[in-house]
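For reference, the structure is listed below as C-alpha cells.
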Amino acid sequence: MNWFVLPYLAWSGWASRAAIALLVVCAPLATTLAADSVSTADSQPQVPDTIQQRVKACTTCHGVHGEGSAGDGVFPRLAGKPAAYLAQQLAYFQDGLRKYAPMEYTVRQLSPAYMEEIAAYFSAQEAPYHQSPVPSVSTAVMERGKQLVERGDSTRGIPSCVSCHGERLTGVEPAMPGLAGLSYDYVSAQIGSWRTHTRAAKSPDCMAIVANRLRDSDITAVAAWLGSLPPPTDMHAQPADVEKQVLPGWCVVSDAGVTP
Amino acid sequence: MKRWLGGLLAVVIVLVALALAWTFFPSPREKSPQSASSQVSATTLRDPALIARGEYLAAVGDCAACHTRKGGVRYAGGRSLATPFGNVPAPNLTPDPETGLGQWSFEDFWRALHLGEGRHGELLYPVFSYTSFTKVTHDDALAIFAYLQSLPPVRQASEEPSLRFPYSLRRSLAAWRALYFKPGVYQPDPARSEQWNRGAYLVQGLGHCNECHATRDALGGLSPDHTLTGGQIPEQNWYAPDLSVNQGGGLEGWSKGDIVDLLKTGQSAKGAAFGPMADVVRKSTQHMTDTDLDAIATYLQSLPARPAAQALVSRVSFDRKKGAQLYADRCADCHGADGRGVAGIYPPLDGNTSINEPTGINAIRTVLLGGFAPVTAGNPRPYSMPPYAQELNDEDVAAVVSYIRQSWSNKAPAVRPSDVSVYRHTPID
C-alpha cells in the first residue's frame, strides 16, 4: 500500500465520520473543562456592576423593581414614585424624622448623591401593581373613604387626597408620592405614625395636619378605600402642576393650631 | 446563687468606695466662672491656620459623632448617649453664650479635655472619653478649641443626664477616677520611630479607640493591662474586635495596607466596616491624611501577639445541615461557597475578625440587619447586604451564623437561638 494513501483513507468513509463525531462530542466537553479550570482559578462569583446589584439591601423587602411586598403590603411600593420624594424620604430616615429601625440602619451611612441615585433607580421602574387584602368594612365606611379621598371634608378642614396626590392618585412630580397600590395596612400605619410622631416631614408638615384632623374611623375609611381601588392603567406620576407649586392655604396657615 | 452573691459583693464594694471617696477626696473646686480669665488671646483663636488644623483634629477625634443630634446642626449637641448607668446627653460645643461654649476660655476647655472637669469644677462623666483625651497635647487642644469657637453659635440647651443612683451623684466620680483615670499628655517613646509615636498618640489620644476596643468592667472602667484587646460595647451591643495583627490577635494577618484601606474607604481585603465602625469611618477616619493613617497602621502592627484562646469547648450544638443549606441559598451567591467573598465588593467570611469574635454578636446582627458599607470618597457607591430579620427566624439565624463560624478556617463557638432573640431586639442606636 502506498503510505501516501493513508491520509486519504482516514478522511474517507467511517473513519472521517467517526472523527467528526468525536470532535462534535468533545468540543463542548473541552470548553466546559476549560471554563471549569478558569472558575477554579478564580472562584469568585461574578458580580454585575449595576445599581440593581448594589441595592440588594433595599430590594429584598421592596422587590427588585420596587414593586413592594405582595400579600400584606407591609413594604411599600417604590416603583414610579417621584425620585425627589424617594430621596427626601431616605434623608428623613437619616435625620430621625421618620422612625423605622431597619430603614434607619440601612440608610445611615449613605451620601446624598448615592441616595439620589438609588431613588432615581426605583423611580424609573415600571412594575405591575398588585392588590393587597382589605378588611371587610361596611358600605358606609367605604362611602366615607371615597368622600375623603375624592372630596375631603370641609367641615373638618380636611382636604381631599386627590387635591395633592393627583387625580389618578399616582403622585405628582416633582415630589408628591402616589397612593395607588399601597395596602390598607401600610396606609393606616403611616397615617397613624404621623399622629404618634414616628413619621414627619420638614415644616410645614401638611400630612401631620391632615392626620391629626382625621378621626380614627376616618383612617380606616381612607385606607380601606385606597386599598380597594383597582390598579391605575397609567401608573406614572402626573407632571408638575405649576399652579399647585404653592402650598395649599390650609397647610400654611394652620401650622400652629392643629385641630385634633 | 453565685451570681446573686457576686451582685451583692459588687454593691458592697461600690458603697464602700463611695463612702471612702466622700470622706477622703476633695469636693469639686468652687470656682466662679468670672475668674476664668483667658490667657490665650482672642487674636490667636482667630488664626485661620489654627482653626483649619482644629477642624481636622476635631474630625480625627470624631467629636461630631456624639455632639450632634440626629438631623441636628453639627457640634450643637443633643445626642443622648446610653450607658449601663443611665443616659448622658452630649452638650452643645458651639460658641453660644448660654447653651454652648460661648463663655468658655481655653483654660476651661483644657481642664475638660485634660482633667475631665467642667467649667464650674464639676467632675464630668467619663462617657466623655477624657480617659483618652487627657493624652492630647496642649497645642492640639488649642487648635480644636479655636475651631469650635469659630463655628456659628447655635442656641440649643442640653438636657440633664438621667443616671441612676448612686451614679447620679457627681461626687461618686471621685472614686471612679481614683480607680481608672490618670491624667497626662502622651509621652513619646524615644525607642520608637516618629511615625510609630504619631500612631500611638492618635490611637490612644484623640482617636480614643480603646474606649470601644477594650472590655469594660462592672463599673465601666478600663484596665490598663488590656488595651485594644477587644470588647463588647455596652448598650450598643456590637463587639469591637481586638486590634492586634499578630498571632492570636483579632486582626491577625492584616497588613498595614489592609488597615489603611478599611479606615480610608470603609473596606479592605479582610473585611468591611459596619455598625458603629461604619460611622467612625464615614465621619472620622476617611478624612485623615495618608500620613496619619499610615502612622495608625504602623502602631497597630506593633501590638503584641495575644495568648492563644483556650480551646473553646462549645456545648452549644446547632443544626449544621440547616446552616449549610441556608448558607448555600442566601449567602454563597455573594460571599462564595468557599467564604472568600469578592475582592473589593463583598467581604470574605473565612478568617473574618467579626465572624470569629468571641460573642457572635457581630455576625448575628449583620445577618439580621444587612446594610451598606459606609459611603466614602474611596467607595462612593457601596454594594449592600439584604437584612434577613424578616425572613429568618431565630433558629435559622443561629444555624447559619454557627455554620459560618465553624466553616473553612473559622473555629468560633456556635450561637444559640436565644442569643439571636436578644440581639433581634437591640435598638440600633
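Throughout, read-outs are computed from the coordinates displayed, never taken from laboratory work. In this text the structure is predicted, and so the values were computed from the model without any measurement. When we count neighbours, we look across all protein chains shown, and the Cβ atoms used for this are built from the backbone with ideal geometry, even at glycine.
Some observations on this one:
- Beyond 24 Å, the tail of the calculated P(r) for segment B:194-301 holds 17 percent of the Cα pairs.
- Ranked A:Glu116, A:Glu126, criterion: other C-beta atoms within 10 Å, fewest first: A:Glu126, A:Glu116
- Cubic angstrom per residue, convex hull over Cα atoms of segment B:320-424: 96 Å³
- Debye intensity ratio I(q)/I(0), log10, chain B, q values 0.12, 0.14 Å⁻¹ (C-alpha model): -1.08, -1.40
- Most simply put, chain B has about 95% antiparallel DSSP beta bridges, counting only bridges with both residues inside it.
- For B:379-392, mean number of other protein chain Cβ atoms within 10 Å: 5
- Only helices reaching 30 angstrom along their own axis (Cα) with mean Kyte-Doolittle hydropathy no lower than 0.0 count here, and for the DSSP H runs of chain B these are B:2-24.
- When you restrict to C-alpha pairs under 8 Å that are six or more residues apart and normalise by the size of segment B:320-424, the relative contact order lands at 31 percent.
- Whole-Hz ³J(HN,Hα) from phi, Karplus 6.51 cos²θ - 1.76 cosθ + 1.60, for segment B:318-333, glycine and proline x: 8, 7, 5, 5, 5, x, 5, 5, 4, 4, 4, 6, 10, 10, 5, 3
- The residues B:Thr68, B:Thr99, when put in order of fewest to most other Cβ atoms within 10 Å, stand as B:Thr99, B:Thr68.
- Peptide A:102-115, shielding by other chains (average Cβ, 10 Å cutoff): 6
- For the peptide B:268-275, the mean number of other protein chain Cβ atoms found within 10 angstrom of a residue's Cβ is 1.
- Residues A:Val187, B:Val422, A:Val141, arranged from fewest to most other Cβ atoms within 10 angstrom of their Cβ, appear as B:Val422, A:Val141, A:Val187.
- When shorter helices are ignored and each DSSP H run of at least 4 residues is given -39500 (n - 2.57), the per-residue value for chain B at 222 nm works out to -10500 deg cm²/dmol.
- All lysines inside 22 Å of B:Lys256 as judged from Cα atoms, apart from same-chain residues fewer than 8 positions distant: B:Lys264, B:Lys270, B:Lys283
- Taking segment B:194-301 and dividing mean pair separation by its residue count, relative contact order in percent (alpha carbons under 8 Å, at least six apart): 29 percent
- Taking every alpha-carbon pair under 8 Å whose residues sit at least 6 apart, chain B reaches a relative contact order of 13 percent.
- Label positions at A:Lys99 and B:Ser193, each projected 7 Å from the Cα along the C-beta direction, are separated by 5.1 nm.
- For segment B:23-180, convex hull of alpha carbons as volume per residue, Å³: 117 Å³
- Here the protein assembly as shown is treated as a sphere whose radius is the Kirkwood value from Cα pairs; by Stokes-Einstein at 25 °C and 0.890 mPa s it diffuses with a coefficient of 84 µm²/s.
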